[in-house]
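The values are calculated or read from the model by the stated rules, or taken from the named source; none is laboratory data. From a predicted model like this one, the values you see are computed outputs, not experimental measurements. Virtual Cβ from ideal backbone geometry, glycine too; neighbours counted across all protein chains shown. Areas reflect the complete protein model, heavy atoms only, side chains present, ligands, DNA and RNA absent. Shrake-Rupley method; radii C 1.70, N 1.55, O 1.52, S 1.80 Å.
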Amino acid sequence: MSYLNSYRINFWGGISTNVCTANNDDVNQFMVDPVKAMLSPLLSNLTDEQAVQNLKANPGWNYYGDYVTKFNNAKISSFGTPNNIQETGNIIDQGIYLLGSLDPANQSKTPVGSPIMVDVDATGTSCTQILVGGLQIGGNENPILRIHENTKCYTRSLQTINTATQEGNFQAKSINIQPPGFGIANTCWQLSFEYNQDWEYDTSNPQITALVEEAKKAKGITVVFTMFEVMTIYSRQAIISEYEQGNAPINPVLGYTIGSIGIWNDDEAATCLPGRILKSDASNNSNICSADTYVQLTDKVLSLNMASTFIKPKPRAKRDDLSTMSPTADPGNLYLAVKNSGKTSVICKIPYNHTTYYTSGGLVDIVLNDTQIEQFHQGDLLLVALNTDNSITATYACEQTYRIISDDRGIYINPNETKNLNFNITKQGQQVTEDLHVDIVFSDSGQLAAAFNQYTEMNVGFSDKSGNPINFTLLDANTNTYKGSTIIKASEAKAFQLNTNWIQAGLKQVSLTINGAESANYYMVVRTYPNDDYSTLPETQKFTWDFVYSEVLRYYYIVFPAMSMRLPLNNEVLISQQVYQVIKQRVSKPYENTTLLMPITRDMSPGKVKLLTDYFDYIHTPKS
């Protein structure tokens with residue numbers, strides 16, 4: 001069982017995120033060292049005012065972003081069990097909201113702030129996460145479901161669409177919106193909430209009660225949603241013009257979301273969708289298949305998540321109008337097929353409706369007979385279109401034979417720390433029955449190596465479950481790519497483990513590929529913090545405002561102005577005398593998994609956190 005095969009509540013609407021981009025590698029020049037959270041020499045030698053003006057002239061696309069991420073007028077559209085989805089009921093048109101965290105320092109049940117989207121790799125190219133403090137259905141006055149729990153999700157199934165239409169004909173070009181439109185980006189996300197008795201819900205609402213009762217029998221609920229056709233409010237040129245006029249507007253991206261709330265079971269990952277995965281076939285997809293399709297079979301009911309499978313060839317006319325959803329491209333006579341020993345056999349027709357797909361969360365349910373179920377397990381699945389003579393006219397998506405499922409996606413490692421990573425490897429949705437060869441490849445994240453040569457080497461080491469080191473060799477000096485390999489026993493594939501240990505500061509994308517597959521079966525980003533050690537410095541040097549501001553706070557004052565618009569980090573009296581207790585709280589361990597951690601960007605090393613808190617303690621300790 002999974003969210004695809006049990007009671008579900010579906011929704012659609014808008015989604016927005018207001019990330020700051022001054023530390024991304026799409027800025028004209030790399031203005032910062034994103035590993036050490038320090039200004040580059042280009043900025044560090046300038047005054048604060050000069051550095052800010054420099055960034056305004058080279059801002060990326062949202063210098064004043066505060067990372068707030070939220071659903072925009074997203075509403076419940078349907079509910080029910082597979083093959084029995086209803087579009088009328090008490091819950092229909094109720095709003096759905098992601099919440100910020102509760103403050104660990106008090107007993108208030110009112111969330112503080114909002115969910116936030118933060119890049120793990122800081123360059124904005126490899127792995128992004130959304131940190132969430134809860135979920136709510138219904139308005140603040142009378143919500144019908146409210147959950148407070150700190151959780152997160154990661155970008156999954158990131159695809160780009162290089163297609164648009166002109167008079168109905170597909171063109172090989174980006175969707176026609178002003179850069180940086182990001183209309184080509186398409187991501188899928190999953191976050192989960194473990195059931196507990198603190199959930200608040202309206203027992204008189206039959207749909208919510210049904211969901212909660214099912215959650216009690218399992219581990220909790222999971223929320224799966226897409227984010228696509230995202231566009232900024234201002235073009236890059238327009239935002240720079242605003243800055244030149246002395247204005248400080250935010251420039252969030254706005255897009256669509258389609259999603260479902262379903263049941264989360266004990267044996268399932270919290271952030272990685274279950275089931276079998278069919279990946280877009282870039283070589284033969286008629287330019288209309290844009291993202292992954294997830295497939296699960298339980299009790300003769302086949303369920304498919306097709307929320308982002310096909311592109312919307314016609315983007316919305318107005319960037320900020322998310323009130324309607326245009327159809328996806330029509331895939332034609334759509335079928336699920338299976339390929340075994342070079343032979344392709346059709347299993348069943350897929351009743352995908354390209355005009356109303358979003359009202360059911362993009363989910364499609366099909367009842368299979370015994371023969372079709374047998375076919376389903378015989379090989380790799382395909383998403384195909386058939387001609388009138390039943391010949392295949394297009395192959396839209398193909399299954400990766402092996403799949404790696406894990407919650408270890410964005411990994412943070414402190415100096416001298418070792419972490420254990422856990423993976424579940426399946427073959428065509430079933431338990432693996434043979435030993436596997438797994439290649440592990442490191443490569444640079446974004447343009448980091450080109451700007452900072454000191455981060456070109458491996459930043460972590462890997463060892464197997466027993467602690468035996470995995471040897472890596474330099475695969476490509478131009479891209480600073482390293483490769484190692486290990487053998488996974490069939491008996492260990494369901495609970496495959498790797499140990500990873502800190503070597504030096506850095507950001508690396510790590511891919512896992514099974515048995516020489518054409519594309520990676522899994523990837524993650526590993527961020528290792530610098531070993532910032534100030535212990536040998538004399539107190540008269542390190543416990544001064546000038547030193548602490550230069551080493552820790554100046555970077556955030558210049559690079560993330562939204563933070564300083566609320567709390568001016570260059571104000572010594574304010575920071576050192578008036579709000580220091582709040583800052584000490586916000587950088588402490590209890591806030592680590594909340595949306596309230598300072599800094600939001602999660603790039604301050606443990607050594608700098610210690611320097612900052614020790615400074616506060618030092619200046620507020622009476623001297624004898």
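Quick rundown of the values:
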quantity: Enumeration of residues in region 360-386 that are in contact (Cβ under 8 Å) with a residue 24 or more places away in the chain and of a type in the set (S, T, N, Q); calculated: SER360, ASN369, GLN372, GLN375, GLN378
quantity: Any strands (runs of 3 or more DSSP E) falling wholly within region 468-509 and containing at least 3 residues that are β-branched (Val, Ile, Thr); calculated: 481-488
quantity: Residue selected from region 387-408 under the condition touching a residue at least 12 places away in the same chain (Cβ under 8 Å) and charged (D, E, K, R), by the criterion farthest from LYS419 (Cα to Cα); calculated: GLU399
quantity: Residue check, VAL19 among the β-branched types (Val, Ile, Thr), at pLDDT below 95, in the same structural domain as GLY220 (by TED's automatic domain parsing) and touching a Pro at 6+ places or on another chain (Cβ under 9 Å); calculated: yes
quantity: Considering residues of region 379-388 that are modelled with pLDDT of 90 or more and open to solvent by 10 Å² or more (accessible area, probe 1.4 Å) only, the residue nearest to GLN430 (Cα to Cα); calculated: ASP380
quantity: Some residue of region 241-262 being open to solvent by less than 40 Å² (accessible area, probe 1.4 Å) and among the charged types (D, E, K, R); calculated: no
quantity: Residues of region 389-421 satisfying the condition of being open to solvent by 40 Å² or more (accessible area, probe 1.4 Å), within 21 Å of GLY516 (Cβ to Cβ) and of a type in the set (A, V, I, L, M); calculated: none
quantity: Test: residue in region 548-563 that is in a helix (DSSP H, G or I), at pLDDT below 95, within 23 Å of GLN53 (Cβ to Cβ) and open to solvent by 30 Å² or more (accessible area, probe 1.4 Å); calculated: yes
quantity: Residue list for region 227-260, restricted to those being touching a strand residue (DSSP E or B) at 6+ places or on another chain (Cβ under 6 Å) and farther than 18 Å from THR69 by Cβ; calculated: SER260
quantity: In region 470-524, residue most open to solvent (accessible area, probe 1.4 Å) [restricted to those that are closer than 29 Å to PRO274 by Cβ and either of a type in the set (D, E, K, R) or not assigned by TED's automatic domain parsing to the domain that holds VAL441 (or both)]; calculated: GLU518
quantity: Subset of region 531-547 [surrounded by fewer than 16 Cβ atoms within 10 Å (Cβ to Cβ) and closer than 13 Å to TYR615 by Cβ]; calculated: LEU537, GLU539, THR540, GLN541, THR544, TRP545, ASP546
quantity: Of all residues making up region 189-241, the number that are basic (Lys, Arg) and outside any helix (DSSP H, G or I); calculated: 1
quantity: Any pair with Cβ under 8 angstrom, 6 or more apart, that starts in region 414-438 at a residue that is within 15 Å of SER491 (Cα to Cα) and in contact (Cβ under 8 Å) with a residue 40 or more places away in the chain and ends at one that is among the acidic types (Asp, Glu) and open to solvent by 60 Å² or more (accessible area, probe 1.4 Å); calculated: ASN422/ASP407
quantity: Some residue of region 48-67 being crowded, with 16+ Cβ neighbours inside 10 Å and free of Cβ contacts under 8 Å to residues at least 24 places away in the same chain; calculated: yes
quantity: Filter result for VAL112 (in contact with a Gly (Cβ under 9 Å, 6 or more places away or on another chain), at pLDDT below 95 and either open to solvent by less than 40 Å² (accessible area, probe 1.4 Å) or of a type in the set (Asp, Glu) (or both)); calculated: no
quantity: Qualifying positions in region 590-624 - among the basic types (Lys, Arg), assigned to a loop (DSSP other than H, G, I, E, B) and open to solvent by less than 60 Å² (accessible area, probe 1.4 Å); calculated: ARG602
quantity: Which listed residue is assigned by TED's automatic domain parsing to the domain that holds GLN237, surrounded by fewer than 19 Cβ atoms within 10 Å (Cβ to Cβ), assigned to a strand (DSSP E or B) and not charged (D, E, K, R), from ASN90, ASN73; calculated: ASN73
quantity: Pair list, Cβ < 6 Å and 6+ apart or interchain, from region 301-329 residues that are more than 23 Å from VAL224 (Cβ to Cβ) to residues that are among the charged types (D, E, K, R); calculated: PRO315/GLU229
quantity: Meets criteria (at pLDDT 95 or above and in a loop (DSSP other than H, G, I, E, B)) for LEU569; calculated: yes
quantity: Flag if VAL35 is hydrophobic (A, V, I, L, M, F, W, C), under 30 Å from GLN190 (Cβ atoms), modelled with pLDDT under 95 and open to solvent by less than 20 Å² (accessible area, probe 1.4 Å); calculated: yes
quantity: Any hit, region 117-140, residues being open to solvent by 10 Å² or more (accessible area, probe 1.4 Å) and over 23 Å from VAL525 (Cβ atoms); calculated: yes
quantity: Answer from THR371, THR388, THR356 - the residue that is within 30 Å of PHE225 (Cα to Cα) and in the same structural domain as TYR335 (by TED's automatic domain parsing); calculated: THR356
quantity: Index of the failed condition, LEU574 passing every other in (1) surrounded by 15 or more Cβ atoms within 10 Å (Cβ to Cβ); (2) in contact with a Pro (Cβ under 7 Å, 6 or more places away or on another chain); (3) not aromatic (Phe, Trp, Tyr); calculated: (1)
quantity: Some residue of region 14-37 being in contact with a strand residue (DSSP E or B) (Cβ under 9 Å, 6 or more places away or on another chain) and assigned to a helix (DSSP H, G or I); calculated: no
quantity: Subset of region 201-216 [in contact (Cβ under 8 Å) with a residue 12 or more places away in the chain and either open to solvent by 80 Å² or more (accessible area, probe 1.4 Å) or of a type in the set (Val, Ile, Thr) (or both)]; calculated: ILE208, VAL212, LYS216
